[in-house]
Structures are given as C-alpha cells and as structure tokens.
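One structure below.
The values are calculated or read from the model by the stated rules, or taken from the named source; none is laboratory data. In this text, all values refer to a predicted model and were calculated from it rather than measured experimentally. All Cβ positions, glycine included, derive from the backbone under ideal geometry; neighbour counts span all protein chains shown. These accessible areas exclude ligands, DNA and RNA; they are computed on the full protein's heavy atoms, side chains included. Shrake-Rupley method; radii C 1.70, N 1.55, O 1.52, S 1.80 Å.
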Amino acid sequence: MDKRADLVLSGRISIGGQWRHGEVAITGERIDHVVEGRAETPAKHRIDVGEALLLPGMIDAHVHSRSHLAEGITAATRAAAAGGVTTIVEMPFDGDGPIDSVERFEAKRELVAAEAVVDVALLGTVAPGGGWSRAEEIAAAGACGFKISLFDTDRRRFPRISDAELIDALTAIADTGRTVCVHAENNEMVKALIARYRDEAPRDPLAHCRSRPPASESMAVLTALEAASYAGAQLHLCHLSLPRSVDLVRWYAQDGLNVTLETCPHYLLLDEADMVELGSRVKINPPLRAKTAREGLWERLAEGSVDVVSSDHAPWPVQLKSHESIFDNHSGAPGVETGLPLTLGAAWADGAESVAQVIDAMSRRPAERFGLGERKGQLAAGFDADVVVFDPDRRWRVAAAELRSNAGWSPYEGRSVTGRVTKTLVRGRVVYDGVDVVGEPGGGRFVSPTRG
C-alpha cells in the first residue's frame with residue numbers, strides 16, 4: 001500500500017503568530033497533516049513555493065454571482081479562484097428573482113453543480129408578506145443561512161422586510177438553526193434623503209453619501225440587534241461601514257447575543273475622497289465614509305472586533321454605472337478577485353497586527369459562522385485541502401482587462417499592489433496556477449452546513 005501523500009506543499013505557514021517554513025501534506029481531498037520545518041514528507045508530487053505564504057482557502061461570505069445574469073456562477077467563481085477564494089457564500093437576490101422557495105433554491109443548487117469552479121454555499125431569503133413560513137424547508141434543502149434587508153432596494157429582486165413582520169421572520173429563521181444576514185439601512189430616512197438630493201444635487205457623487213448618513217446605518221443596526229435579541233436569532237450584520245456600528249455589535253455580543261459582523265475591502269481601502277474622484281463607479285450601499293471611519297475600521301479589525309471581511313462582489317456592467325445622476329446608477333462593485341490581495345497586502349505592508357486578523361476574518365470565522373467550520377477555513381488535518389499560496393512581495397498593478405469577472409471593470413483600476421495570489425487549490429486540486437484559472441466549471445461543489 002502506497003503511504004505517500006498525494007501532494008506536499010512547502011512554504012511559510014503561521015505557527016504561534018510567526019511565519020515559519022513548513023509543509024502541508026494532502027491525501028485525496030483532505031489535508032493529511034501540517035508540520036513545521038522541511039520534513040520531506042514522502043509524496044507523489046511536491047510544490048515548493050519558497051518564501052511565499054501557505055494560507056487556508058478564503059471564504060468570501062458575500063458574493064452576488066447572479067444579481068446581473070451576465071456574470072453568472074462560472075465567471076464569479078473563476079474570479080474567486082484567481083483571488084484565493086475557495087468557497088463563496090452566494091447571495092439570494094438574483095436577477096431573475098429571489099431565492100425564496102425550495103424550488104428556486106434547488107434550481108440554483110443545480111446551477112452550482114454544473115457551473116462552479118470553486119465550492120459554493122447558498123443563502124436563501126424569505127419574501128415579504130409571510131414568506132418566513134418557508135424558512136424551514138429552504139434550510140432543509142441545504143441553505144447555509146438566510147439574508148434579509150431592512151432597506152427596499154428592489155421590490156421584486158431585493159425587497160425589504162418591514163418592521164411589522166421582522167420579529168416573525170427572525171423567529172422563523174432562528175427555529176431553523178441557521179444564521180440570518182441583515183442589510184442594515186434605515187428605509188424611511190434614506191428614501192426621504194434620496195428624494196431631496198435627487199432634486200438638489202443629482203450630479204454630485206457625494207450626494208449619495210449624504211443620502212445615507214451614518215445614522216441611517218447605526219439606527220438600522222440597532223433595529224436588527226434588538227429584534228434578533230427578542231427573536232433569539234443568530235445574527236450576521238452585512239457590510240458595515242462605521243466604527244460605531246462595530247462598537248454597537250460588540251456591546252450586544254458582550255451582552256450575550258449570538259451576533260457577528262462583516263466589513264468589506266472597499267470600506268478599508270477607499271473613502272469619501274475616492275467617491276469624489278471615481279464617482280458612480282464606487283457608488284456602494286452603505287456608502288464610502290470619511291477617512292476617520294476607514295481608519296477606525298482598521299483599528300477594530302486589528303483588535304479582533306471585526307469578525308468577517310468579505311467582498312460584497314456586485315458585478316454590474318459599466319453601462320449600469322455610467323449615468324449622469326448618481327442616483328440612477330446601480331450600487332456595488334466587483335471585488336471577489338481583488339479582496340484578499342488588496343486587503344492582506346495593505347496589512348502586510350504596514351507590518352500591522354491586523355495580518356492575522358485579516359486572514360482569520362476571510363477564512364476560519366466565515367466558515368464557522370455559516371456552518372462550514374468542520375471542513376473549511378483552516379490549514380489543519382482533516383480539513384478540505386483548500387490552500388492559497390500568497391506571495392507578500394509580488395508587485396502587480398490592477399488591470400480590469402486581466403480580471404475574470406464579466407463586469408469588465410474594477411474600482412481599483414491602475415492601483416499598484418504588493419502581495420499576490422500565485423496558486424489556489426480546492427480540495428487538493430489546483431484551480432489557479434498563478435497565470436490561468438485551470439479549474440473547470442462543475443469542478444466546484446455545493447456545500448452545506450455540517451451543523452444546525
């Protein structure tokens with residue numbers, strides 16, 4: 001019997017907070033063992049990456065592959081592979097309708113099986129007007145959680161759950177044992193301010209920021225926190241843009257609420273000055289904030305107060321981001337391919353304490369939050385052999401023409417970056433070799449929670 005590992009990767013691994021040479025041995029689709037030093041584990045194949053880092057595969061907990069159907073699962077997961085993302089948590093608000101029934105969920109699961117290059121977990125949602133009664137059957141079909149919105153983005157595709165049925169919706173989801181993700185913006189405040197600034201300053205990019213002031217986020221965050229406390233829901237607050245929002249979440253967590261939060265690379269790397277320069281390309285909800293808010297988020301990330309960093313990949317084509325009125329443009333930006341290298345690269349360049357926190361917030365913590373933590377998110381024996389090779393010294397420049405999303409543009413176009421993904425493995429298979437995405441559609445799998 002051949003006892004050699006199928007593959008051994010040699011490089012630098014994190015041991016006790018220090019980067020030291022080590023080996024990751026893979027047998028089949030799982031990690032066999034991880035050892036410090038050059039152990040020369042017997043193997044059929046070896047890859048030595050020198051001084052590059054060996055990281056757990058990233059879990060991008062916020063991806064919209066099908067909000068615009070021209071993107072689709074294949075393009076989004078190809079971009080994910082090139083960005084070191086080995087599992088995406090796919091949002092339920094698709095261009096052809098929300099995933100609010102078991103029939104729609106199962107149809108999307110079939111798309112994943114046919115089209116995905118990396119592994120995919122799926123969120124469901126509940127429709128306004130009593131749709132929460134279907135939560136149990138959607139969870140039973142394999143949903144890793146649910147997402148709802150407190151803001152009425154699109155009454156068909158991305159509707160609001162009103163305060164009138166918020167407790168019912170959260171209670172029904174709580175009964176499934178799944179996490180509920182919430183888009184937290186105060187609907188009444190934002191709608192009124194959009195109406196005002198649409199008339200007063202439609203061509204001013206900063207009018208978008210003024211129409212969604214900090215209070216519109218923090219007030220909605222408090223609504224979600226209080227409602228989840230009453231309903232007993234395990235809550236995940238999406239794409240928070242403010243240090244104050246982080247502080248509110250931490251207070252409720254210390255008070256006993258099962259709650260986590262995420263922020264996104266654009267809130268860590270961009271601010272209102274970029275809104276002035278880039279305009280509608282960086283129209284995102286919630287909006288980019290002041291420089292002090294961006295700095296405050298880094299501080300909270302470094303201290304471990306930010307649970308998850310995710311891309312909120314929204315691959316709108318450029319024609320939907322090019323209208324004269326800032327309010328006529330779609331909100332969101334592509335980012336699943338650039339999230340890891342830009343965020344980790346920024347932390348590494350600063351020599352910041354946030355390096356370990358960035359890695360954890362993009363791997364272990366999202367895996368655990370969405371019920372995947374027994375097999376995803378760690379470089380450890382028994383886990384799926386999802387591995388990223390990251391060269392912290394590799395210099396490159398963001399060029400949309402080289403990215404894999406069908407969006408065809410990036411808010412970071414032309415940015416000089418130090419730190420790049422040079423190889424990605426999903427369950428022991430190379431899906432990105434540093435030049436090309438070599439994984440095939442259908443090679444990725446639908447993954448569902450192992451608890452709950």
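Here are a few things to note about the model shown:
- The antiparallel fraction among DSSP beta bridges confined to the chain stands at about 50%.
- Shown is the FRET efficiency for Glu165 and Lys3, computed with R0 = 51 Å from the Cβ-Cβ distance and rounded to the nearest 0.05: 0.30.
- Taking the empirical scaling 2.2 N^0.38 Å for compact globular proteins as reference, region 250-386 has a Cα radius of gyration ratio of 1.16.
- Rounded to the nearest 20, the size of the Cβ-charge dipole of the chain about its Cα centre is 480 debye, with Lys and Arg at +1 and Asp and Glu at -1.
- Evaluating kT/(6 pi eta Rh) at 10 °C and 1.306 mPa s, with the Kirkwood radius of region 5-76 over Cα pairs in the Stokes-Einstein relation, gives 112 µm² s⁻¹.
- Surface accessible to a 1.4 Å probe, per residue, for the residues of region 122-174, Å²: 35
- A compact globular protein would have a Cα radius of gyration near 2.2 N^0.38 Å; the ratio found for region 365-452 is 1.28.
- Per atom type, region 303-452 shows carbon and sulfur on 43% of its accessible surface, probed at 1.4 Å.
- Semi-axis lengths (Å, descending) of the ellipsoid that matches the C-alpha gyration tensor of region 1-42: 21, 10, 7
- Surface accessible to a 1.4 Å probe, Thr171 within the full protein complex, Å²: 50
- Using a cutoff of 8 angstrom between alpha carbon atoms and counting only pairs six or more residues apart, the relative contact order for region 104-211 works out to 23 percent.
- When Thr450, Thr292 are compared by accessible surface with a 1.4 Å probe, the order from highest to lowest is Thr292, Thr450.
- Applying D = kT/(6 pi eta Rh) to region 1-140, where Rh is the Kirkwood radius over alpha-carbon pairs, T corresponds to 37 °C and eta to 0.692 mPa s, the Stokes-Einstein value obtained is 187 µm²/s.
- Label reach from Glu106 (point 7 Å along Cα→C-beta): in region 141-175, amide nitrogens under 12 Å belong to 141-142.
- Per residue accessible area in Å² of region 328-452, where ligands, DNA and RNA are left out and the probe is 1.4 Å: 37
- Stretching the chain fully between Met219 and Arg38 yields a gain of 59.9 nm (0.36 nm per residue, less the alpha carbon separation).
- Largest accessible area first, the listed residues Arg30, Arg157 line up as Arg30, Arg157 when surface is computed with a 1.4 Å probe on the assembled protein chains.
- Contact order, relative form, for region 106-154: 38 percent (alpha carbon pairs under 8 Å, 6 or more residues apart, mean separation divided by residue count).
- Alpha-carbon centroids, region 296-321 and region 408-452: separation in whole Å: 18
- Over the chain, relative contact order from alpha-carbon pairs under 8 Å, at least 6 apart, %: 21
- Translational diffusion coefficient of region 212-285 (Stokes-Einstein, Kirkwood radius from Cα pairs, 10 °C, 1.306 mPa s): 119 µm²/s.
- As a rough guide to protection, the peptides 372-382, 37-47, 181-191, 142-152 ranked by mean Cβ packing within 10 Å, highest first, stand as 142-152, 181-191, 372-382, 37-47.
- Each residue was assigned an accessible area with a 1.4 Å probe, and for Trp316 the value is about 20 Å².
- Separation in nanometres of the label points that stand 7 Å from Cα toward Cβ, at Asp433 and Glu226: 5.8
- Using the Cβ-Cβ distance between Glu295 and Glu137 with R0 = 41 Å, the FRET efficiency computed as 1/(1 + (r/R0)^6) comes to roughly 0.35.
- Directionally averaged projected area (the chain, Cα convex hull): 19.9 nm².
- Dimensionless Rg/Rh of region 123-184 - Kirkwood Rh, Rg from C-alpha atoms: 0.93
- Ranked by solvent-accessible area (1.4 Å probe, protein heavy atoms only, all chains present), the residues Ser448, Ser322 order from largest to smallest as Ser322, Ser448.
- Electrostatic tally near Pro128: other residues with Cβ closer than 15 Å to its Cβ, Lys and Arg +1, Asp and Glu -1, net 0.
- The chain: angle of helix 187-200 to the longest principal axis, Cα-based, in degrees nearest 10: 70
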